[in-house]
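Structure, as structure tokens:
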Amino acid sequence: MESREINEIIQSNIFLTAKWPIILINQLHISIMLYKKERFYLIKKIEKLVGMGLLNIEGGGISIRVAPNRILVTPTGSAFRLWEVKPGDILVTDERGKIIERGKYFAVAEFPIALHIFNKFKICNSVFHTHGPFSLAYASIRRKIPKSTHHVEVLGEIPCLRSPNETKIKDKYLKNPYKVSMPEAVHRPEVYIIFKRLIKEFDRYFNGRGEELKKHGLAFIVEKHGLFTFAKNLEEAIENAARVEAAARTQLFANLINLKNSK
Ligand SMILES: [Zn+2]
């Protein structure tokens, strides 16, 4: 619907009562929202993931490619708002991160990595990020995820990407800010420069692994940060995140048994 038509509808209804136009505007916004069905699909998934503990208050984000050159991404701060994401909070961008539609928030901070993955692997349509506690334990000591279960073996190597010293980089930038060219959907240059460095590290591990995506999703953890999985669709990316978390948990418990047996 053209904005001219929307204005005409609003104008023709404005006589009703003072609050009617506001209600009407809200309803119109919902009805003309791009990729409405996909937004509701994403929100349903978020609710399930929170219930299963795969998304928590510490962080995380989801990006899905819904059409060629069109991506939906969860907004920044979703975790801290306890994952209460509304359809209008979800952003629509192109594959360069240019905003097509957004509500009051920018995209989740890790979005530059997702954009890089979408551009690098055209077969990939979903990037899932979580601060799952078990994979985070491995990320905290920069160890790759061990293949402790059959379920995780199919994913191939799950490396731990070395992360730059985030605090140091942020402080340095904030003391001496400079112009940073970054995707329109992200808004903090001091955070963007950190993820830009991580992208180089990502390429070091994933160059030449695109063929694997046809058969299964891929995963990695980032030092002291969290887990990322990416796949042909969101279901696969989520399933892989669950597999990685289970493998990390299993190895941790197995280590405890070994520790007990060695005494
Ligand atoms: Zn994160």
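Structural remarks
- Scanning the range 87-108 for residues that are more than 16 Å from the ligand (Cβ to nearest atom) and free of Cβ contacts under 8 Å to residues at least 40 places away in the same chain yields 89, 94, 95, 103, 104.
- Filtered residue count, the range 236-263, keeping only those that are of a type outside the set (A, V, I, L, M) and without any contact (Cβ under 8 Å) to a residue 40 or more places away in the chain: 8
Residue by residue, here is whether (1) surrounded by fewer than 15 Cβ atoms within 10 Å (Cβ to Cβ); (2) among the aliphatic types (A, V, I, L, M); (3) modelled with pLDDT of 95 or more; (4) in the same structural domain as residue 222 (by TED's automatic domain parsing) holds:
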{"position": "130", "(1), (2), (3), (4)": "no, no, yes, yes"}
{"position": "134", "(1), (2), (3), (4)": "no, no, yes, yes"}
{"position": "145", "(1), (2), (3), (4)": "no, yes, yes, yes"}
{"position": "148", "(1), (2), (3), (4)": "no, no, no, yes"}
{"position": "156", "(1), (2), (3), (4)": "no, no, no, yes"}
{"position": "167", "(1), (2), (3), (4)": "yes, no, no, yes"}
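- Under the condition of being in a helix (DSSP H, G or I) and within 16 Å of the ligand (Cβ to nearest atom), the residues counted in the range 109-145 number 15.
- Subset of the range 84-128 (residues that are out of contact with any Ser or Thr (no Cβ under 9 Å at 6 or more places or on another chain) and aromatic (Phe, Trp, Tyr)): 121
- Looking across the range 146-158, the residues that are out of contact with any Asp or Glu (no Cβ under 9 Å at 6 or more places or on another chain) and not in a helix (DSSP H, G or I) come down to 146, 148, 149, 154, 157, 158.
Quick grid of which residues meet (1) crowded, with 24+ Cβ neighbours inside 10 Å; (2) farther than 15 Å from residue 160 by Cα:
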residue	(1), (2)
202	no, no
217	yes, yes
221	yes, no
229	yes, no
238	no, yes
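The values are calculated or read from the model by the stated rules, or taken from the named source; none is laboratory data. Every value quoted in this text rests on a predicted model; they were computed, and no experiment measured them. Every residue, glycine among them, receives a Cβ derived from its backbone with ideal geometry; neighbour counts consider all protein chains shown.
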